[in-house]
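Okay, so here's the structure we're looking at.
Derivation of every value follows stated rules applied to the coordinates shown; laboratory data play no part. It should be emphasised that the depicted structure is a prediction, and the values quoted were computed from it without experimental measurement. Reconstructed Cβ throughout: ideal geometry from the backbone, glycine too, with neighbour counts over all protein chains shown.
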Amino acid sequence: MSQIAIIGAGAWGTALSIVLGRRETHKVRLWAHEKEVCETIARDRVNEKFLPGQRIPACVTPCHDLAEALDGVAIVVSVMPSQHCRRLFEQMRPHLRAETMIVSATKGLEENSLLRMTEVIARMVKGDGMPAPRIGALSGPSFALEAARGDPTAIAIASQDKELARSVQQEFSHASFRVYTNEDPIGVELGGALKNTVAIAAGVSAGLGLGHNSVAALITRGLAEMTRLVMACGGKAETMAGLAGLGDLVLTCTGSLSRNRSVGVELGRGRKLPEILAGMHGMVAEGIFTTAAAVALARARGVEMPIAEQMHAILHEGKAPREAIHELMTRSGKSETLGM
């Protein structure tokens, strides 16, 4: 019997609990920050706040106490918003064992440090004289609702710890949930984070009433930006052609369930960011934080990312979306393969 803790009961954390709960050999604990979420799951077997309508298996136990959630588990799946990762792992550290496998399923960057989530986790968990923590990154094209209802879904687990990657692949795989292994956590994590910025741009384009030509251009040139930064940070270009790169980018830029794309749509229609956020009812669009971090990271690495720069200007400087698109289209001519 495999014991797994999922830390974060938002839409994706809840969906993963449903996916893992389909295996009879699993006992899953789902930690929620909100006490009322635990209560509704225990009573109704549904997370009405973040993933309504999707029944949670009986083998999933909701928890509001971190120590209880982590007691004796073999795998910890981290699914909290990126800006809460450092604080929560500081609280979790006393309850983690050296052999515990940690899987980060958060698609974002820490805004101030510019660190990837596995880097944040490693820094918070590793102690004096302790071995390096066992960490992997889980990412790929995966809307929570579709994974929860059993639509065929494929994602990647990336780690330089091959045993961890194989174990996660074995434990997470199901007839409707296929897991591939990957040895490039830098590329997989950055791909999962950076695609959110491009998705906001795709939403802006839709909000402005632009057509498919515009979205195709944004996806393609967005992928070029992502690849340049991934390579500058030590990741592999070929990872960006896979599930955590192109796969997740296409999904998030075109799917109506994408929160990041939805934010962009509303920006394109002329609404202001504070108003949009107020209407999200606790949901998080990671791209809002990631865009600032991506721009700062690109500048530090000397990487040109014009789409990210324009999205940052819209999100954080009040730039008009149509003006941002105009500036992208009137930049000086470039080679398509520049920097690749």
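General remarks:
- Local electrostatic count, residue 179, Cβ distance below 11 Å [Lys/Arg +1, Asp/Glu -1]: +1
- Entry note, the chain: relative contact order of 14 percent, from Cα contacts under 8 Å with a spacing of 6+ residues.
- Amide H to amide H, with H built 1.01 Å from N, residue 77 comes under 5 Å of 5, 6, 7, 103, counting only residues 5 or more places away or on other chains.
- When +1 charges are put on Lys and Arg Cβ atoms and -1 charges on Asp and Glu Cβ atoms, the dipole computed for the chain relative to its Cα centre reaches about 260 debye.
- For region 155-165, 3J(HN,Hα) per residue [Karplus equation, 6.51 cos²θ - 1.76 cosθ + 1.60, θ = phi - 60°, Hz, x = Gly/Pro]: 9, 10, 10, 10, 6, 7, 8, 5, 5, 4, 4
- Separation of alpha-carbon centers, region 197-267 and region 1-55, rounded to whole Å: 29 Å
- Neighbours of residue 28 by Cβ distance under 15 Å: Lys/Arg scored +1, Asp/Glu scored -1, total +2.
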